[in-house]
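The values are calculated or read from the model by the stated rules, or taken from the named source; none is laboratory data. Predicted model, so just to flag it, every value in this text is computed and none were measured. Here the Cβ is made from the backbone with ideal geometry for all residues, glycine too, and neighbour counts use every protein chain on show.
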Amino acid sequence: MSRSPIRDLLVGVFVLSGLAALAYLSIQLGGAAYSGPGGLTLYASFDEIGGLAPRSPVVIGGVKVGQVKKIELAPDGSFRARVTMDVDRGLKLPDDTQAAVLTQGVLGNQYVGLSPGGSDTMLRDGGEISYTQSAVVIERLIGKFIQNIGGDNGGKKKGGDGS
Amino acid sequence: MFELVRDIGWRTVDNVYGLGGVAHFGSRLLFETLAPPYRLRRLIDELYNTGVLSLAIVCASGTAVGLVLGLQGYNTLVRFGAEQSMGAVVGLSLVRELGPVLTALLVTGRAGSAVAAEIGSMVASEQLDGLRMMSVDPIDFVTQPKAFALLLSMPLLSALFIVFGLFGGYLVGVGVLGIDAGTYVSSLENNIDFRNDVLGSLVKSLVFGALVGLIATWRGYTAAPNSAGVSRATTGAVVQASVATLMFDYVITALWGVGL
């Protein structure tokens, strides 16, 4: 077949658009959920992290500032969950910052919310956030609620029988 | 009884012989791909035939599949009050499964059949014999660019299928069903992983491309030199490539680690 400028152009467009789609899938979707600057590694240990997963967002006041990198059992044998986070290096976080595992909506994705404290010393790279608040596990909450209701009804019944 | 056993034996030998033929043909294709001359000109022509001409059908089908996935996903998720995760449902099913498989089936029907029919009719009209007379190797000159173009265009077409599918899901989810655009996109971005999902999808479409290229060129190359042979070769190429795609899909999914 002979050389045809229009055909070659179309093949070029096809190859480039295919590569662009591949790049979009790999970088935008497959890459990190948080695309801002990272570099500051922080650790936090929780009693319960619920459905938190690697690449879950780390948020301050609703603004994404990083993501969860790794989740493992704490190496000190306390059976707590140790969460490694990668957050924006430019952040000056006081060392009494609180970390909490929160939920978007009632059944949404889980994320780590940071609430900065008022201390003068800042967290350094590799620092540990010591004030943590565990995830609320909705099944346990419902379990407790049902238990309480059951207890109340039982009490009323007994009262009624007595009078 | 004796006849029956002999018949079974002959069929077995014949099938193994056929498999050996495919393997030999495939290794010839691989060798001609790696060894010079590279025939870039022929490759671009074939990329036009398999890739560019499949572009419209792949993009249209991708959008349609995305639209349907969005609707069906919403109807199922809304029962659990989880319509926020629609992006993840549409995205994961497209990237992991539907993108590579449906693209392979579409390309088989659109381009694989054409390749088998073209090579088959070249066999029937003794054009390949003519090439051999001029000491031009038909595997190198005719089949290799076609098979290699199918292999190359498959991942590109699959990626386009997925992107158009995501767009279709977005249209239904955000435009029709009123899911927040940010929720859809962040659900997509939070749940699709590069290694597990995107790389697995790429491996799948590369394997499917190699399968479709090999089977289509092999069926055309071994077609009986008459019009019935060409039609059998075309049908066989489409059927075998489709079945092989679906079977290898299971194998790759199992090997790539379902357990994340």
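Here's a check for you: in the stretch B:159-206, which residue that is within 30 Å of residue B:241 (Cα to Cα) and hydroxyl-bearing (Ser, Thr, Tyr) is nearest to the other protein chains (Cβ to nearest Cβ)?
Here the residue is B:201.
Considering the stretch B:173-189 alone, what residues qualify as being in a helix (DSSP H, G or I) and surrounded by fewer than 22 Cβ atoms within 10 Å (Cβ to Cβ)?
The answer is B:174, B:175, B:176, B:181, B:182, B:183, B:185, B:186, B:189.
Tally up the residues in the stretch B:143-158 that are under 30 Å from residue B:126 (Cβ atoms), crowded, with 24+ Cβ neighbours inside 10 Å and more than 9 Å from every other protein chain (Cβ to nearest Cβ), please.
Total satisfying the criteria: 8.
Could you tell me whether any residue of the stretch B:233-256 is farther than 20 Å from residue B:147 by Cα and assigned to a loop (DSSP other than H, G, I, E, B)?
The answer is yes; a qualifying residue exists.
Just to be sure I understand, how many residues within the stretch B:234-250 are under 18 Å from residue B:100 (Cβ atoms) and surrounded by fewer than 17 Cβ atoms within 10 Å (Cβ to Cβ)?
4
Sort out which residues of the stretch B:40-82 are under 30 Å from residue B:183 (Cβ atoms), among the aliphatic types (A, V, I, L, M) and facing chain A (nearest Cβ under 9 Å), and write them in order of number.
Selection gives B:82 alone.
Name the residue that is modelled with the lowest pLDDT, counting only residues in the stretch B:230-260 that are of a type in the set (Ser, Thr, Tyr) and more than 23 Å from residue B:218 (Cα to Cα).
B:253
Return the total of residues in the stretch B:117-159 being charged (D, E, K, R), over 22 Å from residue B:56 (Cα atoms), assigned to a helix (DSSP H, G or I) and touching a residue at least 60 places away in the same chain (Cβ under 8 Å).
Number of matching residues: 1.
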